[in-house]
Amino acid sequence: MTPGRPLLPTPTLVTERLILRPVAEADADELFALHSDAFVLRYWDSPPWTDPARAVAFVERSRQLEADGTGARLALERREDGVFLGWCSVSGWNPAYRSAVLGYCMAEAAWGRGYATEAVREVLAWAFATWDLNRVQAETDTRNLASARVLEKVGFVREGTLREDCVVDGVVSNSWVFGLLRREWLR
């Protein structure tokens, strides 16, 4: 645990259609399948995984966020049948700046059904209620219009463009930076 930061257990959150729960070792195969899918990761800031050990390390890093008191990463599963749909996180919690970073990744089978919006909304509600957050930031590749729409639906404002900030497998891309302030969330 980081000195001065209390342990903040990763919650289990339930929405109308989803269960958001702490990432577990049992998720490693699903996480590997998600992060090794080149189509799903075509706008990601790193290449698809080729080594299943990456999924085990991802699970460990998820636990470390909690242990350090710097964030929470939750696995998303469909309530009706327990199917793994992806993950969502708030991390980089900085109490001095009262800020954190939102991230998420959804399996292709979950796209276009509103699951990402539902999950992001629930995670943000938890984070704003639990931490003294003033700002949450998110970034998305400028080609990923679906992700930009998710962020805008929950209240994020596009604030700028990071020009040529990613180079993945030789492909150079730009990212949009989005911000959501507490006062905007509470409207």
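Quick check: anything in segment 131-145 of a type in the set (D, E, K, R) and more than 20 Å from A100 (Cα to Cα)?
Within segment 131-145 (the criterion being of a type in the set (D, E, K, R) and more than 20 Å from A100 (Cα to Cα)), the answer is yes, since at least one residue qualifies.
For segment 43-67, name all the residues that are farther than 23 Å from V168 by Cβ and in contact with a Lys or Arg (Cβ under 7 Å, 6 or more places away or on another chain).
Matches in segment 43-67: L65 only.
Output yes when any residue across segment 66-82 is of a type in the set (S, T, Y) and within 14 Å of the chain's Cα centre (by Cα), and no when none is.
Scanning segment 66-82 turns up at least one residue that is of a type in the set (S, T, Y) and within 14 Å of the chain's Cα centre (by Cα).
Just to be sure I understand the filter: pairs with C-beta atoms under 7 Å, separated by 6 or more residues or on different chains, first member in segment 85-106 and at positive phi, second member assigned to a loop (DSSP other than H, G, I, E, B) and of a type outside the set (F, W, Y). Which pairs pass?
These pairs meet every condition: G86/A107; G92/T70; G92/G71; R98/D132; R98/L133; R98/N134.
Go through segment 18-50 and give me each residue that's crowded, with 16+ Cβ neighbours inside 10 Å and polar (S, T, N, Q).
S36 - this is the single residue of segment 18-50 that is crowded, with 16+ Cβ neighbours inside 10 Å and polar (S, T, N, Q).
I need the full set of residues from segment 84-114 which are more than 23 Å from Y43 (Cα to Cα), touching a strand residue (DSSP E or B) at 6+ places or on another chain (Cβ under 6 Å) and modelled with pLDDT of 95 or more, in order please.
S99
What pairs come up if the first residue lies in segment 29-43 and is of a type in the set (D, E), the second is part of a helix (DSSP H, G or I), and their beta carbons are under 9 Å apart, counting only those six or more places apart or on different chains?
D29/A55; E30/A55; D37/E108
If you check every pair at least six apart or on different chains, which have Cβ atoms under 9 Å apart with a residue in segment 52-71 that is closer than 13 Å to W93 by Cβ and touching a residue at least 24 places away in the same chain (Cβ under 8 Å) first and a residue that is assigned to a helix (DSSP H, G or I) and of a type in the set (K, R) second?
Cβ pairs passing all conditions: none.
When residues of segment 69-95 are filtered for being among the β-branched types (V, I, T) and farther than 20 Å from S147 by Cα, how many remain? Before the answer, list the steps.
Taking segment 69-95 first, the residues among the β-branched types (V, I, T) are 70, 83, 90.
Pick out the ones that are also farther than 20 Å from S147 by Cα and you get 70, 83.
Matching residues across segment 69-95 total 2.
Per-residue answers, yes or no, for (1) in a strand (DSSP E or B); (2) modelled with pLDDT of 95 or more; (3) farther than 22 Å from L124 by Cβ:
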residue: F39; (1), (2), (3): no, yes, yes
residue: S46; (1), (2), (3): no, no, yes
residue: W49; (1), (2), (3): no, yes, yes
residue: S62; (1), (2), (3): no, yes, no
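Can you tell me which residue in segment 35-58 is nearest to E25 (Cα to Cα), limited to those that are over 14 Å from the mean Cα position of the chain (by Cα) and of a type in the set (A, V, I, L, M)?
Filtering segment 35-58 for residues that are over 14 Å from the mean Cα position of the chain (by Cα) and of a type in the set (A, V, I, L, M), the one nearest to E25 (Cα to Cα) comes out as V56.
Strands (runs of 3 or more DSSP E) wholly in segment 95-168 with at least 2 residues that are surrounded by fewer than 16 Cβ atoms within 10 Å (Cβ to Cβ) and over 12 Å from the mean Cα position of the chain (by Cα) - which ones?
157-168
Restricting to segment 166-187, name every residue that is farther than 20 Å from A100 by Cβ and in contact (Cβ under 8 Å) with a residue 60 or more places away in the chain.
Our first condition is that a residue be farther than 20 Å from A100 by Cβ; within segment 166-187, this holds for 166-174.
The answer is C166, V168, D169, S173.
The values are calculated or read from the model by the stated rules, or taken from the named source; none is laboratory data. All values derive from a computational prediction rather than experimental measurement. Glycine also receives a Cβ, built like all others from the backbone with ideal geometry; neighbour counts cover every protein chain displayed.
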